[in-house]
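Asker: First the structure, which I've put down as structure tokens, then a few questions once you've had a look.
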Amino acid sequence: MEIKTDILLGDCKKVLKTLPDESVDLVFTSPPYADQRKKTYGGIHPDQYVEWFLPIAAELKRVLKPSGTFVLNIKEKVVNGERSTYVMELILEMRRQQGWLWTEEFIWHKKNCYPGKWPNRFRDSWERLIQFNKERHFSMYQEAVMVPMGDWSKTRLKNLSETDKTRDESKVGSGFGKNISNWLRRDMAYPANVLHLATECNNKNHSAAFPEGLPEWFIKLFTKEGDTVLDPFMGSGTTNAVAQRMKRHSIGIEIMPEYCEMVEQELRPVELYLLEKKDSYAPTEPQRRIDLR
Ligand SMILES: C[S@@+](CC[C@H](N)C(=O)[O-])C[C@H]1O[C@@H](n2cnc3c(N)ncnc32)[C@H](O)[C@@H]1O
């Protein structure tokens with residue numbers, strides 16, 4: 001199988017226009033946060049963030065297949081002792097103006113968050129991964145991310161109530177229900193929407209670009225081999241490196257030439273893979289040690 005990795009230099013707002021309609025299966029990205037790293041690649045003021053991002057979101061919607069998914073890794077900052085609201089405003093405007101469906105929100109729990117003391121809050125150890133879709137039915141390979149049942153079989157599942165043993169219909173009439181006893185003799189379960197992953201640290205112990213395990217989990221969940229993954233804010237190319245290793249085509253867009261050159265040197269534009277069937281991918285081996293945020 002031939003796997004292509006395209007690295008494109010420029011402002012994604014413009015470069016995205018060169019990509020064909022409905023050609024991408026998964027957009028997975030972490031854009032610059034409001035007012036972060038002003039000197040490095042230009043911060044966007046929190047008040048202008050929505051206005052700046054919406055035209056990019058419109059292009060992402062155009063290039064995404066109807067069966068595709070957009071996962072946005074973002075977290076609002078604290079300004080003047082208060083959380084900014086631009087992420088919430090962005091979700092609302094993407095729904096209202098562009099018709100995106102806000103399907104789900106995942107939490108990335110950063111397991112190795114540094115201790116600290118703040119007068120009015122505790123240390124921030126999580127980020128959002130907001131899932132948007134174009135359609136209510138989209139490609140999702142839930143079996144690919146199943147997890148061992150673990151201690152549940154010995155604790156909660158051991159003492160089932162009468163309700164647990166029958167199908168417990170949704171109280172809000174959604175048509176969804178649960179029968180917990182169905183899971184009694186199973187080894188594997190579907191995961192929750194909280195991902196526990198450590199940030200990757202360089203040898204100076206700084207927090208780094210997102211860990212490879214993060215795109216890996218979403219690429220497994222929303223794509224199959226031969227599909228196409230796009231990261232419009234590529235940075236050090238974590239999404240593309242993982243996509244290539246998992247035999248997905250990928251496109252990375254980056255405004256800083258030095259990051260583009262670095263990723264081009266690291267990743268081959270075309271990689272040939274044997275078509276042999278493998279049950280799992282090679283374990284994640286973090287190599288990217290660049291602090292971009
Ligand atoms: C938070 S970093 C992404 C880090 C990446 N996930 C990684 O693991 O290395 C955001 C990246 O977006 C790039 N960027 C900022 N504005 C951009 C734009 N308009 N178009 C393309 N890239 C942009 C920055 O140079 C930076 O490398």
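The values are calculated or read from the model by the stated rules, or taken from the named source; none is laboratory data. No experiment lies behind these values; they were computed from the predicted model shown. Neighbour counts are summed over all protein chains in view; Cβ atoms, including those assigned to glycine, are modelled from backbone coordinates with ideal geometry.
Asker: Quick one: is residue 132 among the aromatic types (Phe, Trp, Tyr), surrounded by 14 or more Cβ atoms within 10 Å (Cβ to Cβ), assigned to a loop (DSSP other than H, G, I, E, B) and in the same structural domain as residue 213 (by TED's automatic domain parsing)?
Answerer: Criteria not met by residue 132.
Residue-wise test of (1) away from the ligand (no atom under 16 Å from the Cβ); (2) closer than 26 Å to residue 268 by Cα; (3) aromatic (Phe, Trp, Tyr).
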| site | (1), (2), (3) |
| --- | --- |
| 20 | yes, yes, no |
| 45 | no, no, no |
| 71 | no, yes, no |
| 85 | yes, no, no |
| 89 | yes, no, no |
| 92 | yes, no, no |
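Asker: Additional query: Among the residues of the stretch 60-75, are any among the aromatic types (Phe, Trp, Tyr) and either part of a loop (DSSP other than H, G, I, E, B) or over 28 Å from residue 224 (Cβ atoms) (or both)?
Answerer: So far as the stretch 60-75 goes, no, none of its residues is among the aromatic types (Phe, Trp, Tyr) and either part of a loop (DSSP other than H, G, I, E, B) or over 28 Å from residue 224 (Cβ atoms) (or both).
Asker: It is to be established whether one or more residues within the stretch 28-45 are without any contact (Cβ under 8 Å) to a residue 40 or more places away in the chain and assigned to a helix (DSSP H, G or I).
Answerer: Yes, the stretch 28-45 has at least one match.
Asker: Could you go through the stretch 54-63 and let me know if any residue there is loosely packed, with under 13 Cβ neighbours inside 10 Å, closer than 19 Å to residue 138 by Cα and more than 16 Å from the ligand (Cβ to nearest atom).
Answerer: no
Asker: May I pose another question? Somewhere in the stretch 59-75, is a residue at pLDDT 95 or above, of a type in the set (A, V, I, L, M, F, W, C) and farther than 21 Å from residue 214 by Cβ?
Answerer: The answer is yes; a qualifying residue exists.
Asker: Let me ask you something else. What is the residue count in the stretch 5-18 for residues that are of a type in the set (A, V, I, L, M) and either surrounded by 21 or more Cβ atoms within 10 Å (Cβ to Cβ) or away from the ligand (no atom under 15 Å from the Cβ) (or both)?
Answerer: Residues meeting the conditions: 2.
Asker: Sticking with this one: crowded, with 20+ Cβ neighbours inside 10 Å, in the same structural domain as residue 19 (by TED's automatic domain parsing) and free of Cβ contacts under 8 Å to residues at least 60 places away in the same chain, is that true of residue 78?
Answerer: Considered against the rule, which asks whether it is crowded, with 20+ Cβ neighbours inside 10 Å, in the same structural domain as residue 19 (by TED's automatic domain parsing) and free of Cβ contacts under 8 Å to residues at least 60 places away in the same chain, residue 78 comes out as no.
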